[in-house]
Ligand code: NAD
């Protein structure tokens, strides 16, 4: 056995401060919701530039963030389900910013119905964005990191649904797509450690975004959440950000292949 340690395995300068100074971070699905909350937390913690890669239009909240952080927040339109689209977006970011240090695979969609009621198209649409799109994006980011010689960080948005179904509103394809994300996290972390690339995930519980519009529409929903234990409320998007910032930062230089659950509602 050789005693020499491959250069890719040498650590970045060890950091004890959790910060993203001078880092360029791309986040899919950051025009709104959790992605936008993560973008805000990254900027507050020193990120140089944030790029949202999103299929949709930017809205007022996104504009407000770019006004608050002038010349630091950008939007690139792309569809994560098309690898050529996401690859072009990554190329554009690298060309514009001259670097890429972190990629968050966060774009996602959901659909709640009984397993027997899903159409084939609905199942394919869910897997296409949540699992295949995340895989394509991670590969494009890894290729860019390797080309740039940057020991980049990859963070997936999984879900507590990857651990167990929500008893009241299960979604078989959603849960399976997110469980796939956590599995992929471990495999990619193993494959890409040789390049110094770290791969981790965050699993949110119930977060106050467009995706959970249906929760407050349930009768007695706060009582229902109390029944599960923990905090009887949804998380605000900014409450997720710390987990992402840590995993994206050099303070996590020895952290790979893990999931951080951020779930105040214990039983869901
Ligand atoms: P959201 O619907 O508010 O935002 C999703 C974003 O993804 C949107 O901006 C949308 O335009 C974008 N998007 C969708 N399809 C895309 C595509 N094909 N290409 C590029 N962008 C696309 O949802 P959110 O609640 O912010 O969810 C973000 C992530 O967090 C998702 O992966 C979701 O599964 C996950 N999640 C959410 C919750 C929650 O309670 N909200 C809980 C656990 C996990």
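The values are calculated or read from the model by the stated rules, or taken from the named source; none is laboratory data. This structure is a prediction, so every number in the text was calculated from the model and none was measured. Here the Cβ is made from the backbone with ideal geometry for all residues, glycine too, and neighbour counts use every protein chain on show.
Listed values, structure above:
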quantity: Which listed residue is surrounded by 18 or more Cβ atoms within 10 Å (Cβ to Cβ), under 16 Å from residue 27 (Cα atoms), touching a strand residue (DSSP E or B) at 6+ places or on another chain (Cβ under 7 Å) and modelled with pLDDT of 95 or more, from 78, 144; calculated: 78
quantity: Filtered residues of the range 198-235 (kept if more than 10 Å from the ligand (Cβ to nearest atom), part of a loop (DSSP other than H, G, I, E, B) and in contact with a helix residue (DSSP H, G or I) (Cβ under 6 Å, 6 or more places away or on another chain)); calculated: 232
quantity: Selected residue (only one of 180, 241 is assigned to a helix (DSSP H, G or I), more than 24 Å from residue 113 (Cβ to Cβ) and under 16 Å from the mean Cα position of the chain (by Cα)); calculated: 241
quantity: Any hit, the range 114-135, residues being over 18 Å from the mean Cα position of the chain (by Cα), farther than 20 Å from residue 186 by Cβ, within 12 Å of the ligand (Cβ to nearest atom) and modelled with pLDDT under 95; calculated: no
quantity: Residue check, residue 59 in contact with a strand residue (DSSP E or B) (Cβ under 9 Å, 6 or more places away or on another chain) and touching a residue at least 24 places away in the same chain (Cβ under 8 Å); calculated: no
quantity: Qualifying positions in the range 221-238 - surrounded by fewer than 18 Cβ atoms within 10 Å (Cβ to Cβ) and either modelled with pLDDT of 95 or more or farther than 17 Å from residue 267 by Cα (or both); calculated: 236, 238
quantity: Qualifying positions in the range 37-46 - touching a helix residue (DSSP H, G or I) at 6+ places or on another chain (Cβ under 8 Å) and either within 9 Å of the ligand (Cβ to nearest atom) or within 13 Å of residue 248 (Cα to Cα) (or both); calculated: 37, 38, 39, 41, 42, 43, 45
quantity: Residue list for the range 8-36, restricted to those being outside any loop (DSSP other than H, G, I, E, B) and either more than 8 Å from the ligand (Cβ to nearest atom) or without any contact (Cβ under 8 Å) to a residue 24 or more places away in the chain (or both); calculated: 8, 9, 24, 25, 26, 27
